[in-house]
Amino acid sequence: MTGSLPTILGTAILALAIPLSATQAAEPVATARLIDLEGRSAGTVEFTDTPSGLMLVKVSAEGVSAGRHGFHIHETGQCDPATGFKSAGGHLAGDKSHGVLSEDGPHPGDLPNVTVGEDGRMDAEFFVSRLSVEGGWFEARGLFDEDGSAVMVHSGPDDYTSQPSGAAGDRVLCGVIEQ
């Protein structure tokens, strides 16, 4: 037998770690830089295609009130704090009703609620099956059309049923989605 046990184990561990590192290092295909109602930088949202065909969405922000918050994609890529982010338009709706609990839902822009701890940090990761960039969901739904689209964090949780937007409250963070 050649090599000591620690060398063999170290090589085996390294061999296992390489594929994981490659997967974790996938570059986002789209990003949004979140700003608050004062125009200050508040965090980021990253959209990363995965080999499984699911889209990994990572949200990282700070300075947000504790609790659950509605999280959506809005139809226009404008985040003007002076308008309370109304410049981003409504949810990216397509021909669907709002909410995963709606018989005719969800909107293409409906995403899960995100939760913020008492420290004001919002860190969330989730997979979405109806998202992909090239030749897929983003393109078909017009996320990168002439007026773009934006990610929105609301002041309260989405109830997943109320029309047209889930009764999620005011818009508190916004980010234009860019490739």
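Nothing in this text is a laboratory measurement; each read-out follows from the coordinates by a stated rule. What you are looking at is a predicted structure, and each value in this text was computed from that prediction instead of being measured. Glycine also receives a Cβ, built like all others from the backbone with ideal geometry; neighbour counts cover every protein chain displayed.
Remark: spin-label model distance THR83-GLU118 equals 3.9 nm, labels positioned 7 Å along the Cα→Cβ axis.
If R0 is 30 Å, what FRET efficiency do you get for SER155 and THR50 from their C-beta distance, rounded to 0.05?
My answer for the efficiency is 0.45.
Based on the Cβ-Cβ distance of VAL128 and GLN163, what FRET efficiency does E = 1/(1 + (r/R0)^6) give at R0 = 25 Å, to the nearest 0.05? Here the calculated transfer efficiency is 0.70. Cβ crowding within 10 Å ranks PHE126, PHE85 as PHE126, PHE85, fewest other Cβ atoms first.
Residue order for THR83, THR31, fewest other beta carbons within 10 angstrom first, comes to THR83, THR31. Rounded to whole numbers, the Karplus 3J(HN,Hα) couplings from phi for the stretch 108-119 are x, x, 6, 10, x, 4, 10, 10, 10, x, 4, 7 Hz, using 6.51 cos²θ - 1.76 cosθ + 1.60 with θ = phi - 60°, and x at Gly and Pro.
The modelled label-to-label distance between GLU62 and ALA26, using points 7 Å beyond Cα along the C-beta direction, is 2.8 nm. Residues whose amide H falls under 5 Å from that of ASP158, counting only those 5 or more places apart or on a different chain, are GLY70, PHE71, with hydrogens built in the peptide plane.
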